[in-house]
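Throughout, read-outs are computed from the coordinates displayed, never taken from laboratory work. Remember, predicted model here, so these are calculated numbers, not experimental data. Cβ: placed from backbone, ideal geometry, glycine included. Neighbour counts: every protein chain shown.
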Amino acid sequence: MLDYAEPVTKLIDEFKRLPSIGQRSAQRLAFHILRTPAAEVERLIEALREVKQRITECSICNNLTDVNPCRYCSQPSRDHSLLCIVEQPYDLVAVEKTRNYKGLYHVLHGSLSPIRGMRPSDLRLDNLLPRLKPENNEGVEVQEVILATNPNTEGEATANYISRLLKPLGLRVTRLAMGMPVGSDLEYVDEVTMDKALTNRHEM
Ligand SMILES: [Zn+2]
C-alpha cells in the first residue's frame, strides 16, 4: 500500500479492522469517504462518538441501551415470568420484530466456541441466576426460559450448557423450534436443519 498517501493508508487500515472488511472493501470505503462532503463525514464521526459515549449495557439483561435499566426491563407491561435468552443484541431485535413476544430478555454477548476460545465464563451469565428470583424480578417468579441461541453448533452447545444450568431450578426451559427456512428448497437445506425439521414435525 505504498501508493497511497499516509492518511489514506491509515484509514484503509482502520476499516480493515472491522468485521468482514478485507483489503478491497476497506479501499472502497476509504475512497468513498474521500469523495464525501466534509459535513457528511462530520455526521458519521459524531454518530460514532455518540454511540461510544451514550450506549451502555443494561445492568439487568445486558442489552445495549441509552437508559439503565433498558426499555424492555423497565416496561411494566412486559411479562416478567418469561425470559428469552439470545446471543447478541441484534438477535433480540429479531425476536422483537415478530411483535408476538411480550416477555423479557437476557443477552449473552456471545456463544460457546472452543475454536474462538469462548468459554462458559465468557458468556454474560453472572446476572442470569439472580434475576430468576422473584425479589429481583418485580416480585414475579420466572416460569419459562426460552433458549433462542443460533441454530448452529455453537448456539446448540450454548443452549445445552444453559439448559443444564437451569433445569435443576425446576423452571420450564424451551428451545426455539428449528426447521426449514421459509422460501427455501429442500435440496439446499443442510443436514442439521433437515434433522431438526424432521424431529420438530407437527400434526397437519
Ligand atoms: Zn434490560
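Just a few scattered comments:
- As a proxy for reagent exposure, ranking 32, 80 by other Cβ atoms within 10 Å from fewest up yields 32, 80.
- Computed over the chain: relative contact order in percent, which uses C-alpha pairs under 8 Å that are six or more apart: 13
- Prolate/oblate/rounded call for the range 109-191, Cα gyration tensor, a/c under 1.5 rounded: oblate
- Convex hull volume of the C-alpha atoms in the range 79-122, normalised per residue: 71 Å³.
- Three-way shape label, the range 93-142, alpha-carbon gyration tensor, a/c 1.5: oblate
- Measuring nothing but how far apart in sequence close Cα pairs (under 8 Å, 6+ apart) lie, relative to its length, the range 96-153 scores a relative contact order of 20 percent.
- Rounded to 0.05, the FRET efficiency of the residue 143 and residue 115 pair, given R0 = 30 Å and the Cβ-Cβ distance, is 0.30.
- Residue order, fewest to most beta carbons within 10 Å, for 193, 199: 199, 193
- The simple spin-label model puts a point 7 Å past each Cα toward its Cβ; for residue 203 and residue 46 those points are separated by 6.0 nm.
- The length gained on full extension between residue 18 and residue 190, counted as 0.36 nm times the residue separation minus their Cα-Cα distance, comes to 59.0 nm.
- Among the trypsin sites (Lys or Arg not before Pro) within the range 129-204, those in coil by DSSP and having at most 13 neighbouring Cβ atoms inside 10 Å are 201.
- In a simple Cβ point-charge model (Lys, Arg +1; Asp, Glu -1; nothing else charged), the range 94-158 has a dipole of about 200 debye relative to its Cα centre.
- From largest to smallest, the equivalent ellipsoid semi-axes obtained for the chain from the alpha-carbon gyration tensor read 37, 25, 16 Å.
- Residue among 104, 60, 193 farthest towards the positive dipole end of the chain, charges placed on Cβ: 60
- Take the Cβ atoms of residue 55 and residue 182, set R0 to 30 Å, and the FRET efficiency comes out at 0.40.
- Taking every DSSP beta bridge that has both ends in the chain, the antiparallel portion is near 20%.
- Here residue 39 and residue 10 are evaluated by their C-beta separation; at R0 = 22 Å the FRET efficiency comes out at 0.50.
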